[in-house]
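To start, the structure itself, in structure tokens.
Read the figures in this text as sums done on the coordinates, not as results from a lab. Only a predicted model underlies this, so the values are computations on that prediction, with no experimental measurement involved. Every residue, glycine among them, receives a Cβ derived from its backbone with ideal geometry; neighbour counts consider all protein chains shown.
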Amino acid sequence: MSDAPAPPHAQYRRLLAACDALPPLAMAVAHPCDAPSLGGAMAAARAGLVLPVLVGPRARIEAAAREAGCDISGVEVVDTPHSHASAARAVELVREGCAGALMKGSLHTDELMGAVVARETGLRTERRISHCFVMAVPGHEEPLVLTDAAVNIAPTLEDKVDIVQNAIDLAHALGFAEARVAILSAMETVNPKLPSTIEAAALCKMADRGQIVGGLIDGPLALDNAIDPEAAAIKKIASPVAGRANVLVVPDLEAGNMLAKSLSFLAGADCAGIVLGARVPIVLTSRADSELARLASCCVAVLVARAGLRKVARPQS
């Protein structure tokens, strides 16, 4: 067997290949009024991943299309006056059954998520909404799911039950043979002075009792002994997760955001993102995302939608 490293972007290429046989997914794109956001949606359309419905001020969308060099003549455009209306109308299209996924355009994340979580008109389910990055790290054999680095600022233990369950379900939708979940902290021992270690231990016991299902869960684990077999062996941690985790659950948004950006900007990782726990998957793009990362995010949304994760109920205690 060759020890040569996988070619660049190989992990995302495999994800894209997994969508080859799937029909395109109708996706409401909220306020794609700049070239990167519109270009990303249209690239996903050209790849056969999505059928975009562009929701925003028609004149601004047409200007963005000219800037991006995109032909949108055959694409449905739903004209709205401003970004707040774009978010509300895109969510409404999902509620009407006209779209099976949602994608953020050039509006603020808070605007879109505000429409998503609105109690009477949004897309809430019984699950806590959470965000997962699907990170392709050079030199690492399989993608890493990292959660939550974008939505839940300081999640409670109850929130983390849903955050973990969403991530496990995502891992299965992506075709992982098993979801090996590391609940991260600064150390691998339970320390009453560090609440994240207590919560990690509680989550593991909740999994033992069937309150979280579908994955192998261990924690607290430090990052090194979560993903590096040698580090786990040195610490004498014997578990099916330590040293080989493929799902990383961080204590809070600050830790997750710094970890995700460290992997991206220092390790050269590709970074796709998806919001789970709503009625449909939601693609949150960044202006810094490459076209491949935007394609991979749409690919993840397609796989999640086809797996029907929005229909999975929260485990009952």
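For the chain, the alpha carbon positions stretch 61, 50, 32 Å along the principal axes, listed from largest to smallest.
Candidate cross-link partners of residue 261 among the aspartates and glutamates, defined by an alpha-carbon separation under 16 Å and a same-chain spacing of 8 or more, comprise 148, 252, 270, 289. Considering only alpha-carbon pairs that sit under 8 angstrom and 6 or more positions apart, the relative contact order computed for region 1-93 is 29 percent. Per the Debye calculation on region 161-317 with a single equal scatterer at every Cα and no solvent contribution, log₁₀ I(q)/I(0) for q = 0.12, 0.17 Å⁻¹ amounts to -0.54, -1.09.
Arranged from fewest to most other beta-carbon atoms within 10 Å of their beta carbon, 78, 213, 275 become 213, 78, 275. Fully extending the segment from residue 17 to residue 178, taken as 0.36 nm per residue of separation minus the present Cα-Cα distance, adds 56.0 nm.
Relative contact order of region 128-276: 35 percent, from C-alpha pairs under 8 Å at least 6 residues apart in sequence. GNM remark for the chain: springs join alpha carbons under 10 Å apart, and the peak mean-square fluctuation among 48, 139, 122 falls on 139. Shown here are the Rg and Dmax of the Cα trace of region 1-127, at 16.4, 58 Å.
How would you classify region 174-253 from its alpha-carbon gyration tensor, with a ≥ b ≥ c the square roots of the eigenvalues: rounded for a/c under 1.5, else prolate if a/b is greater than b/c, otherwise oblate? It is oblate, given that a/c is not under 1.5 and a/b is not larger than b/c. Cβ-to-Cβ counts within 10 Å put 306, 46, 119 in ascending order as 119, 46, 306, the fewest first.
Under a GNM of the chain (C-alpha, springs under 10 Å), which listed residue has the highest mean-square fluctuation: 65, 267, 41? Comparing 65, 267, 41 in the GNM, the peak value goes to 267. Where both partners of a DSSP beta bridge lie in the chain, what percent of those bridges are antiparallel, to the nearest 5? Percent antiparallel among DSSP bridges in the chain is about 30. Per-residue Cβ neighbour counts within 10 Å put 274, 72, 163 in the sequence 72, 163, 274, beginning with the fewest. Across all directions, the average flat footprint of the convex hull enclosing the Cα atoms of region 138-220 is 6.1 nm². Straight-line reach from residue 205: taking Cα to Cα under 16 Å and skipping same-chain neighbours fewer than 8 places apart, the aspartates and glutamates in range are 158, 159, 162, 188, 218.
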